[in-house]
Structure formats: structure tokens, C-alpha cells
Amino acid sequence: DGVVYRGGRAVLHAVETLAGLGDRVSVRYVTNNASRSPADVSAQLQQLGLPAGPESVLTSAQAGARLLASRFPAGTEVLAVGGPGVAAALREFGLVPVDGGRPRAVLQGWGPHVTVEELCRAAIAISRGAMWIATNLDLTLPTADGLVPGNGSLVAAVATATGQRPESVGKPQPAM
């Protein structure tokens, strides 16, 4: 988002530059936007004319789920905050996405339909001791219409409510 495409449109010269690399390098598409699955991101890249299968995409939701899977056993319940890509990444790594209850962890990522209710559930779970992972701390997200509040803005609301800070896994953190 913002490097190869902005909203549904390619960034000027991005597609030509990447396509011009040919087989000389292996291209990996890495996004802090946790709202979509790698398959959804690769479909958008393919529509722009780039050869990008889901295996060439890494989302910050996957990085967060991988980190949680290294700390908790398979089947652990994790509060999924964000778009469908967050829950999909948790399932990919053997964790159980939930939207309530008493989860052991919270994975918070951006989503276009994140609600105040979801942020409240996250704050309650974190206050009860759940580990908190943010997919990224980007304050804004570039769209075709301009900048909108990013995951870091949503994280700030939960941090203000809890007095805590999450561990972040998105670019430029080593987990990505």
C-alpha cells in the first residue's frame, strides 16, 4: 500500500519497474496492511499486471500470527481485531481467532470496519493480562482518496485506555 499501489491504482512506474526485473531477482510483496489475505493481495497485484502468487506475499498479520504461534500452543484463542486477514493468519498458524471471551492474546491489525466495540474488547483482554501484538504502528494508511487513520491510530486508542504498549511486528520490525 503506497509503494506498489494506492487503493486500486498502481503507483506511477511501480508496475513497469517490478515487471522489468524479470527473473533476475525474487520479488516478495510485504505489506503492513493486515486487513486482507495474501491471496487477496496477490489477486490485486495480478490485476495490475504483476506476476504475484499468494506465496510471494507476506502480511503483517502473518508475521503477528507466526510470533504468537511461537509463544502459544496450537488451539490457543486469540482476539482478532481488524479485517479478515487477521483471523485468516491466526488460523494459518494453528491459532483460534475469537471475538470475545478470555483470549490469551490480542492480534490487532487494521481493517476498514474496525469498531469501537472491538477496541473495547481488546482493551479489556489486555487489561486482564492478554499478550498484545500490533501488526504495525503506522499512524496513516494511503488510499486512492488520501491518507486515512492507520493501525497505529487504532492502537493508540487501546494504549490510552490500558496504559500499555503492544509489541509491533510490522515493517520495519525484524519479524517482517
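Listing for the model above:
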{"quantity": "Fraction of accessible area attributable to carbon and sulfur, segment 1-145 (%, probe 1.4 Å)", "calculated": "55"}
{"quantity": "Highest-MSF residue in the chain out of Gly163, Gly82, Gly20 [GNM, Cα springs under 10 Å]", "calculated": "Gly20"}
{"quantity": "Residues listed by number, segment 104-128, amide nitrogen under 14 Å from Ala157 label point at 7 Å toward C-beta", "calculated": "108-124"}
{"quantity": "Amide hydrogen neighbours beyond the local backbone of Met131, cut-off 5 Å, H modeled", "calculated": "Ala105, Val106"}
{"quantity": "Charge-dipole axis of the chain as Lys and Arg at +1 and Asp and Glu at -1 on Cβ define it, positive-most pick from Phe72, Val114, Leu90", "calculated": "Phe72"}
{"quantity": "Ellipsoid semi-axes in whole angstrom, largest first, where each is sqrt(5λ) of the Cα gyration tensor of the chain", "calculated": "29, 18, 12"}
{"quantity": "Computed over segment 1-105, the ratio Rg/Rh where both radii use C-alpha atoms and Rh is Kirkwood", "calculated": "1.06"}
{"quantity": "Added length on full extension, which subtracts the Cα-Cα distance from 0.36 nm per residue, Gln164 to Arg28", "calculated": "45.7 nm"}
{"quantity": "Relative contact order (%) - the chain, alpha-carbon pairs under 8 angstrom, separation at least six", "calculated": "21"}
{"quantity": "Unit charges on C-beta of K, R, D, E only; dipole of segment 1-98, Debye", "calculated": "140"}
{"quantity": "At R0 = 41 Å, FRET efficiency that the Cβ-Cβ distance of Thr17 and Val116 yields, to 0.05", "calculated": "0.50"}
{"quantity": "Helix-only CD estimate at 222 nm, as mean residue ellipticity for the chain, using -39500 (n - 2.57) per DSSP H run (n ≥ 4)", "calculated": "-10000 deg cm²/dmol"}
{"quantity": "Dipole moment magnitude, nearest 20 debye, the chain about Cα centre, only Lys, Arg, Asp, Glu C-beta charged", "calculated": "400"}
{"quantity": "Candidates Thr17, Thr143, Thr115, ranked by Gaussian network fluctuation over the chain, Cα under 10 Å, top entry", "calculated": "Thr17"}
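The values are calculated or read from the model by the stated rules, or taken from the named source; none is laboratory data. As the structure is a computational prediction, the values presented were derived from the model and not from experiment. Here Cβ is always computed from backbone atoms with ideal geometry, including for glycine, and neighbour counts include all displayed protein chains. To get the accessible areas, we keep the full protein, side chains included, count just its heavy atoms, and leave off ligands, DNA and RNA. Shrake-Rupley method; radii C 1.70, N 1.55, O 1.52, S 1.80 Å.
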